[in-house]
1. Along the charge dipole of the range B:4-75, Cβ charges K/R +1 and D/E -1, which of B:41, B:11, B:55 sits furthest on the positive end?
2. Report the FRET efficiency, 1/(1 + (r/R0)^6), for residue B:11 and residue A:5, where r is their Cβ-Cβ distance and R0 is 45 Å, rounded to 0.05.
3. Let's test the formula: R0 of 45 Å, r as the Cβ-Cβ distance of residue B:92 and residue B:112. What FRET efficiency results, to the nearest 0.05?
4. Report the Cα centroid-to-centroid distance between the range B:29-93 and the range A:26-88 in angstrom, as an integer.
5. Take each of the peptides A:41-47, A:74-80, average the number of other beta-carbon atoms within 10 Å over its residues, and list them starting from the highest.
6. Efficiency by 1/(1 + (r/R0)^6): what FRET value for residue A:34 and residue A:156, r their Cβ-Cβ distance, R0 = 35 Å, to the nearest 0.05?
7. Expected output is a single nm value to one decimal: the length gained when fully extending between residue B:72 and residue B:140, i.e. 0.36 nm times separation in residues minus the C-alpha distance. What is it?
Amino acid sequence: MADTDLASLIAGNKAAWDGFVRRYAGLILSAVRTLVREGTEAEDLMQEVFVRLCKDDFRLLKTYDPARAGLSTWLTIVARSTARDMQRRHRPPQSALEAVPERLLAVTDVHAEPLKLPKDLLSPRQQLVLTMLYERDMDVAEVAKTLDVDAQTVRSTHHKAMLKLRAYFGPKRP
Amino acid sequence: MTEPMDRAEENALWRHWRTAVVNAAGEAAPAPDPLLVAAYAEHRLSEAVAEEVEAWLALHPEAIEDVLAAACSKADALATVPDAALARAMALVRASDPKVMPFRRRARPGVTWRIAFARVGVAASLLVISLVGFALGTDAYSTLINGDQSAALSQDLFDPPSGVFSSFGEESSS
C-alpha cells in the first residue's frame, strides 16, 4: 500500500480503510489460520486483528514504519501475536513439561543443588540455532534460510554450541 | 548432520541446557516490538539488535513460526475471505456523511449580557408593580378609615341593619 494511502487511512478515511481491509484481510486470515482449526475462529481472530489496528485512533497502525519493514511482514507478525494473545486469554493456563521449572516438578532432594548456568555460555545465535533444530525440528536448510546464512554456518554454529555444552555438562558436572 | 546416536546425545544435552535456562529465566521477558521482529524477519537489523531478538526467540520458540510465516508472507497468495467477514471488518471505521454538519454551539458573546439585562428588567418591573400595588392598597385603606363613609361602612360591617334579619327572626318565632 502506498504511503499516501496509509496516511489517509490513519487520518480516518473510510474508503482507505475499506481498501486496506480488502487488500490485507486474506493475508491476516492466512497468518492466523495456521494457529486455529475452525474457520469461524480464524475469522474472529482476523476481526480482532483489525480491531487492534484501528483501536485508539489507529494507535498500533501509527507505529508502523515502512522504512523498517514491509507492511505484509509487519501485519503477519501483528496478526499472529494478536491471535496467540487471544488464545492465551481464552485457554486455561497450561505449559509444556519442559517449560515447568524443575523445582516445581522434582521430589524434594536434599542433595540437589540448583544448576547455575553461565549467562554467556551460548550466544543468542547459538541458542536460536539449537532451539530451531531441537525444539522446532527444523532442518539445517530451513534454519539457514530463516537466519539468512548458509547451511555450513548453521552446522558450524551448532557444532560450537555442542562443544560448549559438552564441556559444561560433561565429566566435570555429570 | 550427525549420527543418530550423537543426535540423541545432543538432544539430551540440549534438553538439559534448556531446562536450566528456563529455570534461570524466571519471569518471562516482554515481547519485542512487532516492527522489530518484522525487521528481523526481513534481515534488516544490525547484528547487535538482531542478537536481542534472537535471545528472545530462543526462549519463545513459538514465535519462530511467526518469523517464518512473516518472511514468506505476500499479499497476493492469500486465503479467500468471506464477504460477511470483510463487511464486519470494514464496519469498524464509519464513513463521515458530508451532508451532516457537525453540531457546534455558536459562541455568542452578547448572549450572557442580554440574558442578564432581561432578568434585571423583569425584576425591576416586578418591584415597580408591587410598589404601585402596595401604594394603591394603602390609599384605599386610608380612604376607608378616614373618609366620610367610614362610619356608615363600619356600621354596615359590624352592626348590620335590623331589617336584614328581622323577617328571619319573625319567621323563626312564629
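Where a number appears in this text, it was derived from the coordinates with a stated rule and is not lab data. Worth saying up front: this structure is predicted, and the values here are computed from it rather than measured. Positions of Cβ are generated from backbone atoms using ideal geometry, with glycine treated the same way; all protein chains shown enter the neighbour counts.
1. Sorting the options by dipole projection puts first B:11.
2. That pair, residue B:11 with residue A:5, gives E of 0.35.
3. Rounded to the nearest 0.05, the efficiency is 0.60.
4. Value for the Cα centre distance between the two parts: 8 Å.
5. On the way: A:41-47: 21.3, A:74-80: 27.4.
The densest-packed peptide leads the list: A:74-80, A:41-47.
6. On the way: r = 31 Å, r/R0 = 0.89.
So, using R0 = 35 Å, E works out to roughly 0.65.
7. Details: separation 68, 0.36 × 68 = 24.48 nm, distance 10.51 nm.
Between residue B:72 and residue B:140, full extension yields an extra 14.0 nm.
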